[in-house]
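Student: Before I ask anything, here is the structure I am working with.
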Amino acid sequence: MSSSTKPYMIRALHQWCSDNGHTPYIVVWVNDRADVPLEYVKNNEIVLNIAYGATKNLQIENDWISFSARFGGVSRDIWVPVGNVMSIFARETGEGMGFEVEPAVEAVPERPTPEGDEQPDGDDPGPGGRPSGRPSLRIVK
């Protein structure tokens, strides 16, 4: 079984945006697997600026996208399963690509824990929710 092309497409479109002076944004389906500021979530979705200038330590791995960013002046660590990414697009032109949300049932390993961090006992996120219907892309301004 071959690996998903999704993380490769996300990395490629992120690089294309950066090379062309555009701002890459991702739309993420938020469930219990995504660690994002919940106060900015609407309809189980959040739009995140993933430009190098807006993030710190951005990593787009095959399973996770992680970085630190400021929300309301407060630095927050963001962890998003690649399977939860619904689209990536350039803010300035709207060009990009949409994806289906992938189920989290054993498809995405647990979030990596940095050395020295311990997770509390009984913190089992369980299988994530999945949106119903066809995926759609909205223009966000």
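The values are calculated or read from the model by the stated rules, or taken from the named source; none is laboratory data. All figures in this text were calculated on a predicted structure; none of them were measured in a lab. When we count neighbours, we look across all protein chains shown, and the Cβ atoms used for this are built from the backbone with ideal geometry, even at glycine.
Student: Pairs needed: first member in the range 30-50, aromatic (Phe, Trp, Tyr); second member anywhere, surrounded by 17 or more Cβ atoms within 10 Å (Cβ to Cβ); C-beta distance under 6 Å; at least 6 residues apart or different chains.
Tutor: Taking only residues 6 or more apart or on different chains, the pairs are Tyr40/Ile46.
Student: Residue check: is Val47 over 14 Å from Pro7 (Cα atoms) and among the hydrophobic types (A, V, I, L, M, F, W, C)? Break it down into steps so the answer makes sense when it comes.
Tutor: On the way: over 14 Å from Pro7 (Cα atoms): yes; among the hydrophobic types (A, V, I, L, M, F, W, C): yes.
Yes; evaluated as a whole, the condition is true for this residue.
Student: Take the range 1-29 and flag every residue that is free of Cβ contacts under 8 Å to residues at least 12 places away in the same chain and charged (D, E, K, R).
Tutor: Across the range 1-29, the qualifying residue is only Asp19.
Student: Does Asn20 satisfy the criteria of being out of contact with any Lys or Arg (no Cβ under 8 Å at 6 or more places or on another chain), surrounded by fewer than 16 Cβ atoms within 10 Å (Cβ to Cβ) and closer than 18 Å to Arg91 by Cα? Steps first, please.
Tutor: On the way: out of contact with any Lys or Arg (no Cβ under 8 Å at 6 or more places or on another chain): yes; surrounded by fewer than 16 Cβ atoms within 10 Å (Cβ to Cβ): yes; closer than 18 Å to Arg91 by Cα: yes.
Yes, satisfied.
Student: Suppose the filter is surrounded by 17 or more Cβ atoms within 10 Å (Cβ to Cβ) and within 21 Å of Glu100 (Cα to Cα); does Val41 pass it?
Tutor: Working: surrounded by 17 or more Cβ atoms within 10 Å (Cβ to Cβ): no; within 21 Å of Glu100 (Cα to Cα): yes.
Judged against the criteria, Val41 is not a match.
Student: Can you find a residue that is of a type in the set (S, T, N, Q) and at pLDDT below 60 anywhere in the range 103-117? Don't jump to the end; show me each part of the working.
Tutor: So the first thing to find is which residues in the range 103-117 are of a type in the set (S, T, N, Q), and the list is 113.
Cutting the leftovers down to at pLDDT below 60 gives us 113.
Scanning the range 103-117 turns up at least one residue that is of a type in the set (S, T, N, Q) and at pLDDT below 60.
Student: Let me ask another. Just the residues that are surrounded by 16 or more Cβ atoms within 10 Å (Cβ to Cβ) and free of Cβ contacts under 8 Å to residues at least 40 places away in the same chain, please, taken from the range 51-65. Working first, answer last.
Tutor: Filtering the range 51-65 for residues surrounded by 16 or more Cβ atoms within 10 Å (Cβ to Cβ) gives 51, 55, 58, 60, 63-65.
Hits for the range 51-65 are Ala51, Thr55, Leu58.
Student: Right, another one. Which residues, taken from the range 65-88, are within 12 Å of Val28 (Cα to Cα) and part of a strand (DSSP E or B)?
Tutor: Step one: of the range 65-88, the residues within 12 Å of Val28 (Cα to Cα) are 65, 78-88.
The answer is Ile65, Ile78, Trp79, Val80, Pro81, Val85, Met86, Ser87, Ile88.
Student: Could you check the range 29-64 and list, in sequence order, the residues that are in a loop (DSSP other than H, G, I, E, B) and small (Gly, Ala, Ser)?
Tutor: Just the residues of the range 29-64 that are in a loop (DSSP other than H, G, I, E, B), to begin with: 30-34, 36-37, 41, 43-44, 50-51, 55, 61-63.
Once the filter is applied, which keeps residues that are in a loop (DSSP other than H, G, I, E, B) and small (Gly, Ala, Ser), the range 29-64 yields Ala34, Ala51.
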